[in-house]
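Below is one structure; the comments refer to it alone.
Derivation of every value follows stated rules applied to the coordinates shown; laboratory data play no part. Source: prediction; values computed, not measured. Glycine gets a Cβ as well: all are built from the backbone with ideal geometry, and neighbour counts include every protein chain shown.
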Amino acid sequence: MALSIPVVWSDDHRLHDPDAEIWVGIRTPAAETAPRVEAIRDALVAAGADVVPAIRHDDAAIEAVHDSALLSFLASAWQEWERAGLPEDPGQDRVVPYIFPHPGLLGPLAPLVPAATWARPGAFCFDTMTLIGPGTWEAARGAADAALTAADLVSGGRSTVYACCRPPGHHVTRTAYGGSCYLNNAAIAAERLRELGAARVGIVDIDAHHGNGTQSIFWERADVFTGSVHVDPETGWFPHYLGTASETGADAVAGANRNVPLPPGAGDADWVRGVEEIVQAARSNGAEALVLALGVDAAGGDPESPLQVTMDGYREAGRVVVNSGLPCVVVQEGGYDLASIGELVLATLEGMDA
Ligand code: SP5
Ligand code: ZN
């Protein structure tokens, strides 16, 4: 039987080619590449899914989540980099930060706005791995539009809609990008669901990495529950500085965030239990709709994480989410093994398909 869940898609993702990640100062090949979502789309179309084009939404839907200074930086970063001549001298063809307005640098002082183009990215980016090139902004905008279009369809009565977002989004906070992400597509979808009538929304993040950006954006919010099951950052994994179980949301809304960190090597049993725990917590928080931040990098074959989830594990996670009885926007996050990524997303959506 054909997959009945629609796939929202933007061709604009192809405009984004980060090419590389700068890790410990070394330029290494990018893991987050265009063939990722092309492989996902091919697998879903082969399973009979309908492809729906992403509809352009007003900036207001994105400004509901992100600081305007971050958005104007992202929209103009590449053009400014090029105008400053940096691709020729010193020969850097992507926007990369080099100095950061670290709290330890500034103490009580407010940062200056740097006069040098090459000093500005550090004010908005928290790592060196998330490069900006000529089409990055258009692609990120297209991914956000895909998430918004999926949220519109779910608000209009569809029970499950999949947004094939690229670049991914869950590491981006209100004010800073990183982790191969530029706009927080899941957070943008959640705010859209609220705007269109859901009083409370739950975000269930099953990417292998902690959804730090989503957690941060809704930290003080009772009306958007956030939960993440991920490889324990305290065992040496990105985002390294946060993502523990003790992070439960601001005091006034304690319990509105739930983290389930797992040890490297954890497989289906522990991971699916973590997904259940988060879905249950979202329900307890009164969620009327869900956003599933679907990273398939927790799979055993993925090069970016040590978790060992199988195809059946992802299928079971899909069932757990749909058994909540809540409508759900599914947003693509990570997943880097080109050979299996399409089948992993398909397995998850099959688990969700009525
Ligand atoms: C959306 C998502 O899954 N983002 C994950 C970003 C985590 N990347 C951290 C990579 C850490 C260093 N890996 C070394 C490989 C160098 N190419
Ligand atoms: Zn990830």
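Table for the structure above
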| quantity | calculated |
| --- | --- |
| Burial order of peptide ranges 101-113, 48-60 (average beta-carbon count within 10 Å, highest first) | 48-60, 101-113 |
| Theoretical gain in end-to-end length, LEU338 to ALA252 [0.36 nm per residue, Cα-Cα removed] | 26.7 nm |
| Pair HIS240, LEU105: separation of 7 Å Cα→Cβ label points (nm) | 1.6 nm |
| Region 223-234 - phi-based ³J(HN,Hα) in whole Hz, Karplus 6.51/-1.76/1.60, Gly and Pro as x | 8, 10, 6, 10, x, 9, 10, 7, 5, 4, x, 6 |
| Within region 311-330, backbone nitrogen closer than 17 Å to the virtual label 7 Å beyond the Cα of GLN280 toward Cβ | 317-326 |
| Protection proxy ranking, peptides 301-312, 242-253, average beta carbon neighbours within 10 Å, highest first | 301-312, 242-253 |
| Cα-based helix-to-principal-axis angle, 268-284 vs the chain, degrees rounded to 10 | 90 degrees |
| Where labels lie 7 Å past Cα in the beta-carbon direction, separation of GLU220 and ARG158 in nm | 3.5 nm |
| The chain: most fluctuating residue of ARG319, ARG166, ARG192 per GNM, C-alpha cutoff 10 Å | ARG319 |
| Computed P(r) (all Cα pairs; region 1-99; 10 Å bins; percent) | 12, 28, 33, 20, 6, 0 |
| Amide hydrogen neighbours beyond the local backbone of HIS230, cut-off 5 Å, H modeled | VAL260, LEU262 |
| Stretch gain in nm, segment VAL113-ASP42, where the contour uses 0.36 nm per residue and the Cα spacing is subtracted | 21.1 nm |
| Burial order of peptide ranges 12-24, 342-354 (average beta-carbon count within 10 Å, highest first) | 342-354, 12-24 |
| Two-site label geometry, ALA60 and GLU288: point separation in nm, points 7 Å out along Cα→Cβ | 1.9 nm |
